[in-house]
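Beneath this line is the structure, given in structure tokens, with notes to follow.
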Amino acid sequence: MSGRDFRLDLDPDGILTVTWDMPGRSMNVFDQAAIEELEAIVARIAEDAAVTGVIVTSGKETFSGGADLNMLDRLLAGFRAAERAGHGAAAMERLYTEIFRLGDLFRRLETCGKPVVAAINGTCLGGAFELALACHGRIAADGDAVRVGLPEVRVGLMPGAGGTQRVARLVNTQDALTILLKGEALRPARAKALGLLDAVVPAGELLDAARRWLKETPRKTAPWDEDGFKGPAAKVFSPQGFNLWPAANAHYRRETHDNYPGARALLSAVFEGLQLPFDQALRVEQRWFAQVIRTDAAAAMIRTLFVSLQELNKLVRRPAEVAPAAIGKLGIIGAGFMGAGIAAVAAQAGLDVVLLDRDEDAAARGRAAVEASLGAQVSRGRLAAPDRDAALARIAAGTDFAALAEADLVVEAVFEDRAVKEDVLARAAASMRPDAVLASNTSTLPITSLAAATPRPADVIGLHFFSPVEKMMLVEVIRGRDTGDRALATALDFVRLIRKTPIVVNDARGFYTSRVVTAYIGEGHRMLTEGVPPAMIENLARAAGMPVGPLALNDEVAIDLSLRIMDAARADLGPDAVPEAAYRLVAAMVGEHGRLGRKNGRGFYDYPAARGEKKRLWPGLATLHPPRRDVDAIDRGELKLRLLAAMALETARCLEEGVITDVREADVGSILGFGFPPFTGGTLSYIDFTGTAAFVAMLDRLAVAHGPRFLPNALLRDLARTGESFYARFAPPRAEAGEGGQGDPADAVP
Ligand code: NAD
């Protein structure tokens, strides 16, 4: 008896091998049909006397990515629509039925009376790992690509099919909470050491090992179903528990600032579940899950960090009629900080790299930086030494532009200086093949004008990387006025080759990300000049969900760069383009105090030379701008609102002006590019979930209180008037059936 998704093979010993292998997909996921089929299989396992033991495995390279988040996205959209239409109660009942189904199915498997072992042949995440946890034995293949874990919190959810309860009974509570709250995908050896796996064996021996387990050490009940079960978890009400839980709560607050309902519910589910018999504990988890899945954070995160991210990674913006670009060799001009980073990721992706600089010393320094970066990955266990050596062997460093003759794509990353860039681009164009594409990593200079320095502007495009290149997953692809489709297609193919996510924006001052980041940093400058203590600015920014405060971020991008941007804006748009106090602050930081940011160890923070010592806010800021005396009267909520609203409004302007053309790119770009709080779903989702009318009313209030920079643009006012959201008016074309489960976005989420 085999069905659509599962193959069944019963051997003469009564061992039933259940092989999950969904047709037409590269990865198994739990959708409606798969769940139904597995329900029938579990019923048969329980009833069929011929079955004495069961192996659950996968016919794909990976085991499974878990629940189909596209399905969940549609289920949620349906639920919200039904709720709006006044059928809330019926919709809720349906949602609960759907949600309880998978967990109940796994529990039936666990209590079927026959020993069941999971043979995990590849990545096994989310709902799939919950299935494995409900098996009595778990054996995983050893391999670089094999991972197990429960990454649900990374898309705003929590495990809802027994994961929290089983992990909390297999592993000591501290480790269990770390695993669950981080949503980390674990390597097999680590998972075994933690007690989540029974064995790790070479891939070729996996099924034999599973069969041996069934013959030699079978268990047909879960430990928690045995009388007198005592797991590694400390009792909640015990001296150990009293030590652990308050600390866990504090840790949760520090990490999340209580912005993530999924993480909070997860903590409650474990806390409450550990005090209950197992079946009740499962119900508690399911109820928490049912609450979490209805939150805005879950809806927003699933949409942006799973559905949209997946679509952008499939290059939805790529001109379809252009044939795939064959990119074998990459030229990089400028072997500095960014050039070396780009060289490292390209060589790791298997490209040959020519890394050029002004002189041999600079080129050699660039190559040494790549070596150091790859070496650091080896020491962290993220890269095998032979792979590092192979990547380094692909990089040729030098000064001769003639070496660009074989390149399919050339990226310049020289100084942010128009004359230097124009000279380099013109020389590169003269050395390159006529069909090769030329890209600039400029963060501010319009691509259209740079392209004009070459005889072939149709082949010139912007490829704006973020620092550190090795870590940041976004690349902003900038289309100049004359950029052709072939250059765009080549740039996008390249971005995917190095496994990053592209967004495509049109040419304008600051493009999209730098422009929004400038608004964020500018708001920080203003607060400082208003006398808000710098530590308060930074802490509240993080409490609002940003990874770093605006002053720390300014140090990263360099304060002299901010000054140059301000000067350019004042020259082009008049002296009112930048508020006088903020301009004076930045000019004084650079001109009088020589504080350029992290790059010279002195910015809004001091950066101690000693390793391991933390940066500290520069005490001199108090003299530049003495803090207000009535600090307690400062409205903290208002400060958080100002920081997020400034970025969201700037994004709305970018959309209105056609710099951004796709709402998905605005949202994904904001989270991956500058760390806009993931729980909001991104800058535009933040407005949509607030409600456009409410957001506009809030901006009008901020404009009265803090200045006209907060005045809503015409597009926002129009959306507020018609009651539309961005995603309603600019609805992106949705792919019908996507692929992949909870595992996919894991490493892309910051
Ligand atoms: P950098 O100063 O570290 O590196 C620039 C390199 O270019 C130096 O090694 C320099 O010797 C080389 N160079 C200068 N003139 C050259 C020439 N005529 N021919 C060959 N090589 C030459 O600077 P960076 O931080 O790597 O920035 C490079 C580019 O990337 C800039 O356009 C910058 O705006 C952009 N960018 C930087 C960041 C960032 O965070 N640093 C982020 C995104 C984009």
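General remarks:
- Rounded to the nearest 10 degrees, the angle from helix 69-84 to the longest Cα principal axis of the chain is 80 degrees.
- Taking every alpha-carbon pair under 8 Å whose residues sit at least 6 apart, the chain reaches a relative contact order of 11 percent.
- Beta bridges assigned by DSSP with both partners in segment 1-75 are antiparallel in approximately 40 percent of cases.
- Set of lysines near residue 235 by C-alpha distance (under 29 Å), chain-local residues within fewer than 8 positions excluded: 182, 192, 220
- Label separation (residue 9 vs residue 172): 4.2 nm, computed from points 7 Å beyond Cα along the C-beta direction.
- Neighbour cut-off at most 15 other Cβ (10 Å), DSSP loop, GluC sites (Glu not before Pro), segment 245-327: 321
- Mean Cβ neighbour count within 10 Å, used as a protection proxy, ranking 330-338, 588-596 highest first: 330-338, 588-596
- Cα lying deepest toward the dipole's positive end in the chain, options 644, 351, 238, charges on Cβ: 238
- Of interest is the spacing of the C-alpha centroids, which for segment 57-134 and segment 477-496 amounts to 39 Å.
- Note on segment 535-655: with charges restricted to the Cβ of Lys and Arg (+1) and Asp and Glu (-1), its dipole about the Cα centre is near 420 debye.
- Look at the dipole of the chain built from charges on Cβ: of 203, 18, 137, the Cα furthest out on the positive end belongs to 137.
- Taking other residues whose beta carbon is less than 12 angstrom from the beta carbon of residue 675, and scoring Lys, Arg as +1 and Asp, Glu as -1, yields +1.
- Alpha-carbon centroid distance for the pair segment 196-252 / segment 597-656, whole angstrom: 45 Å
- Net dipole in debye of segment 1-147 [+1 Lys, Arg Cβ; -1 Asp, Glu Cβ; about Cα centre; nearest 20]: 360 debye
- Listed residue pairs exceeding 25 Å between alpha carbons, taken from 471/640; 329/500; 329/471; 60/471; 500/615; 314/640: 471/640; 60/471; 500/615; 314/640
- Net charge, residue 495 excluded, C-beta distance under 13 Å - Lys, Arg +1, Asp, Glu -1: +3
- Stokes-Einstein D in µm²/s, Kirkwood radius over Cα pairs - segment 322-363 at 25 °C with 0.890 mPa s viscosity: 225 µm²/s
- Within segment 654-724, GluC sites (Glu not before Pro) in DSSP loop having at most 14 other beta-carbon neighbours inside 10 Å: 657
- Selection from 333, 428, 608, by position along the positive dipole direction of the chain (Cβ): 608
- When you restrict to C-alpha pairs under 8 Å that are six or more residues apart and normalise by the size of segment 530-597, the relative contact order lands at 30 percent.
- Between helix 360-379 and the chain: long-axis angle, C-alpha atoms, 0 to 90°, nearest 10: 20 degrees
- The mean sequence separation of alpha-carbon pairs under 8 Å and at least six residues apart, normalised by the residue count of segment 139-228, gives a relative contact order of 41 percent.
- Secondary structure note: in the chain, about 25% of the DSSP beta bridges are antiparallel.
- Residue-count net charge about residue 341 - beta-carbon cut-off 12 Å; Lys, Arg +1, Asp, Glu -1: +1
- Both the radius of gyration and Dmax for segment 114-265 are 16.1, 50 Å, in that order, over alpha-carbon atoms.
- Selection of GluC sites (Glu not before Pro), segment 141-248, meeting DSSP coil and at most 12 other Cβ within 10 Å: 226
- Test item: Cα-centred dipole of segment 247-338, Lys/Arg +1 and Asp/Glu -1 on Cβ, debye: 260 debye
- One compactness figure for the chain is 1.01, namely its Cα radius of gyration divided by 2.2 N^0.38 Å.
- Between the helical axis of 32-47 and the longest alpha-carbon principal axis of the chain there is an angle of about 20 degrees.
- Taking the centroid of alpha carbons for each part, segment 277-309 and segment 388-450 are 47 Å apart.
Readers should treat all values here as calculations from the given coordinates under stated rules, not as data from a laboratory. Small disclaimer: the values here were computed from a predicted structure and weren't measured. Quick reminder, even Gly has a Cβ in these numbers, built from the backbone with ideal geometry, and neighbours come from all protein chains shown.
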